[in-house]
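A short worksheet on the structure shown next.
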Amino acid sequence: MRHFIFAALLVAALTVLGILGLEQARLLPEQASLQAVGIDWLFSLHFKVIAFLFALIVGFMLYSIFVFRRREGDTTDGDHIEGNTSLEVLWTVVPLGVVLYFSFLGAQVLGDVERIDPLALEVDVIGSQWAWRFEYPDYDVVSTTLVLPVDQQAVLRLSSTDVIHSFWVPEFRVKQDVLPGDENMIRDLRVTPTEVGEYTVRCAELCGTQHAYMTAPVVVVQEDEFQTWLEEQAAAIPEDPVERGRLWAEQNACLTCHSIDGSKLVGPTWLNVYGSQEIMEDGSTVIVDDAYIYESIREPALRIVEGYPPAMVPGLGENLSDEQIADIIAFIKSLKE
Ligand code: CUA
């Protein structure tokens with residue numbers, strides 16, 4: 001009995017040390033959404049149980065190693081133990097109960113995280129290799145920065161133009177895969193930001209050579225600032241077709257693969273490309289003019305410049321209207337030196 005009391009004290013001490021140590025480690029970033037509250041609570045509860053379990057195993061083991069080690073000159077056999085039914089029932093039933101209780105808590109927190117606010121702000125989030133675009137359908141605004149009002153639920157409707165991406169803002173905790181395909185593949189993610197500030201959305205699904213750089217700024221602002229931002233965006237479409245073309249190119253991820261300074265990325269640079277003569281994969285030559293650029297956006301697989309990978313993102317061009325493509329062509333024309 002004396003041994004049990006000492007071993008139990010050792011386990012209790014190790015548990016407290018483990019919990020304090022894990023709290024010091026600050027494993028989680030800032031908590032910046034309503035959904036994060038329940039998730040963090042459950043996370044820290046898990047850690048407490050894990051600390052206890054670790055202490056239970058290591059505590060008894062250490063105690064046995066030091067207290068029951070063989071004394072010098074002792075050559076007798078150890079006790080023959082045939083099993084212990086009550087102990088085995090105990091260590092089966094108790095963990096089962098704990099795991100079932102945790103699955104109940106998990107379901108409860110998941111229910112909270114997915115709770116629907118009918119007044120939620122709708123934002124269409126489109127992932128492409130390798131950029132994010134954010135559309136606010138109620139306000140006719142398109143942006144490469146995700147701006148959200150604080151303390152209001154946003155329903156992010158996630159879709160992809162090419163491969164699977166994953167939307168993840170660590171401070172919001174919630175994460176969701178972004179799938180290509182039709183309407184049925186759109187996934188909703190609900191976030192209620194609670195802290196004004198600047199964050200970063202990163203892609204959490206390996207999606208190609210520039211996966212690691214597939215980030216976009218997230219800005220959480222007060223409601224009135226959000227309204228001001230919306231008005232600014234609506235008024236911010238430039239008059240100049242060249243500048244409009246630059247905006248469409250930025251918003252539609254063109255510039256992640258096509259440089260405008262002559263450097264070679266995944267696709268050919270746009271600098272000095274207009275009017276140039278290019279050799280195609282099949283050996284034919286093409287003068288890069290309006291018709292060829294239009295075709296390359298609408299049907300990129302048709303004619304590929306030699307030395308470049310087969311068109312990766314045929315889905316991208318589908319978002320663009322003919323007027324927008326005309327603006328992009330004007331922008332490309334302007335890139336001369
Ligand atoms: Cu998109 Cu990784």
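Values for this structure:
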{"item": "Fully extended contour minus Cα-Cα distance, from residue 112 to residue 299, at 0.36 nm per residue", "result": "62.9 nm"}
{"item": "FRET E, pair residue 102, residue 4, Förster distance 25 Å, beta-carbon r, rounded to 0.05", "result": "0.40"}
{"item": "Two-site FRET efficiency, residue 27 against residue 195, from Cβ-Cβ distance with R₀ of 22 Å, rounded to 0.05", "result": "0.75"}
{"item": "All-pairs alpha carbon distance profile, the chain, 10 Å steps from 0, percent", "result": "5, 18, 22, 17, 12, 10, 7, 5, 2, 0"}
{"item": "Sorted by Cβ neighbour density within 10 Å, fewest at the top, the residues 215, 285, 192", "result": "285, 215, 192"}
{"item": "Computed [θ] at 222 nm, helices only, for the chain once each DSSP H run of length n ≥ 4 contributes -39500 (n - 2.57)", "result": "-13500 deg cm²/dmol"}
{"item": "Exposed-site-free run, longest, the chain (rule: trypsin sites (Lys or Arg not before Pro); DSSP loop; at most 16 other C-beta within 10 Å)", "result": "116-263"}
{"item": "The chain: relative contact order in percent, alpha carbon pairs under 8 Å with at least 6 residues between", "result": "14"}
{"item": "Approximate spin-label separation residue 186-residue 337, in nm, with each point projected 7 Å along Cα-to-Cβ", "result": "4.2"}
{"item": "Candidate lysines for bridging to residue 48, where Cα separation is under 25 Å - those fewer than 8 sequence places away on the same chain excluded", "result": "175"}
{"item": "All aspartates and glutamates inside 18 Å of residue 336 as judged from Cα atoms, apart from same-chain residues fewer than 8 positions distant", "result": "240, 243, 261, 278, 289, 290, 327"}
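All of the numbers you see were taken from the coordinates with simple rules; none came from a lab. As the structure is a computational prediction, the values presented were derived from the model and not from experiment. Using ideal geometry, Cβ is built from the backbone for each residue, glycine included, and neighbour counts are taken over all protein chains shown.
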